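See structure below.
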Amino acid sequence: MAGEVLSFTLLAISSIIIIINPLGATLLYASLTTSLEREARDIIARDACRFALLLLLTVAILGAWILQIFGISLEAFRIAGGILLFGIGMEMVYAKTSRTKLTATEKYESRDNEDVALMPLAIPMIAGPGAITTTIVMMNEAIVISLLAIAILFLSIALSIGITYYMMRHSDYIMKRFGQREYRAINRLMGMLLIAIAVQFVITGIRTAFPLLGGG
């Protein structure tokens, strides 16, 4: 049991941090708030992270119920989620902004939008489809393991959002230290890890849905 909890902890923390991508969110935040005063920028960072945290915690609590309403099995959702994460990971490897997180139109319109904290920072940049999918899948796994695993998932979400908030608050320093070359290198590495996690999602979903394929 201890080994299973430890394995779940490492997977939950790594997958949620990677899919949220605090560095990518910080770079977008910096570009959208560059003309604002420091106080206004801090408020946007706080509100964006608060909205994203509330959404992901809500999804974690109600995710299984939502799947039941639509008659979707966890295995099907896991496989679909793995495919989605694989696509996001590929775009990260090729240093592209994921279309599932932020479109060019949303980025353009957000420059004239007073409430950039909610859109596009909180949704879909921080708490996008990938983060929501990962949260639902990990929550269903946590329910099977133990209450401790559920608590670990909640802490993983809070930790990821906390890191994002910290980086946004210190975006001026980060922008001076990280150029496009460094960002692309880190993004590609995180993309490779996300692809591996996505493939594991699909493998686990197929094995669970078709036990004979797993030798069971």
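All of GLY3, GLY71, GLY87 fail the test of being open to solvent by 10 Å² or more (accessible area, probe 1.4 Å) and in a loop (DSSP other than H, G, I, E, B), apart from GLY71.
With respect to LEU36, is the statement that it is among the aliphatic types (A, V, I, L, M), in a loop (DSSP other than H, G, I, E, B), over 22 Å from ILE203 (Cα atoms) and at pLDDT below 85 true? Criteria not met by LEU36.
The one condition from (1) surrounded by 20 or more Cβ atoms within 10 Å (Cβ to Cβ); (2) within 14 Å of the chain's Cα centre (by Cα) that ARG41 does not meet is (2). Taken over the stretch 1-49, residues that are charged (D, E, K, R) and within 16 Å of PRO124 (Cβ to Cβ) amount to 1.
Listed by first and then second residue, the pairs with beta-carbon distance under 7 Å, at least 6 apart or on different chains, first residue in the stretch 114-130 and more than 13 Å from PRO22 (Cβ to Cβ), second open to solvent by less than 10 Å² (accessible area, probe 1.4 Å) and among the aliphatic types (A, V, I, L, M), are ALA117/ALA48; ALA122/ALA48; ALA122/ALA52; GLY130/ILE19; GLY130/LEU85; GLY130/ILE88. As a summary of the residue check, SER14 satisfies the conditions (1) over 21 Å from THR134 (Cβ atoms); (2) open to solvent by 30 Å² or more (accessible area, probe 1.4 Å); (3) at pLDDT 90 or above except for the one numbered (1). Residues that are open to solvent by 90 Å² or more (accessible area, probe 1.4 Å) and without any contact (Cβ under 8 Å) to a residue 12 or more places away in the chain within the stretch 167-216 comprise TYR173, LYS176, ARG177, GLN180, ARG181, LEU189, ARG207, PHE210, LEU212, LEU213, listed in sequence order. Within the stretch 148-159, the presence of a residue that is part of a helix (DSSP H, G or I), open to solvent by 50 Å² or more (accessible area, probe 1.4 Å), small (Gly, Ala, Ser) and free of Cβ contacts under 8 Å to residues at least 40 places away in the same chain is excluded. The residues in the stretch 117-135 that are touching a Phe, Trp or Tyr at 6+ places or on another chain (Cβ under 9 Å) and either surrounded by 22 or more Cβ atoms within 10 Å (Cβ to Cβ) or aromatic (Phe, Trp, Tyr) (or both) can be counted, and the count is 8.
The values are calculated or read from the model by the stated rules, or taken from the named source; none is laboratory data. Quick caveat: nothing in here was measured; it's all calculated off a predicted structure. Every residue, glycine among them, receives a Cβ derived from its backbone with ideal geometry; neighbour counts consider all protein chains shown. The protein model used for the area step is the full one, side chains on, heavy atoms only, and it has no ligands, DNA or RNA in it. Shrake-Rupley method; radii C 1.70, N 1.55, O 1.52, S 1.80 Å.
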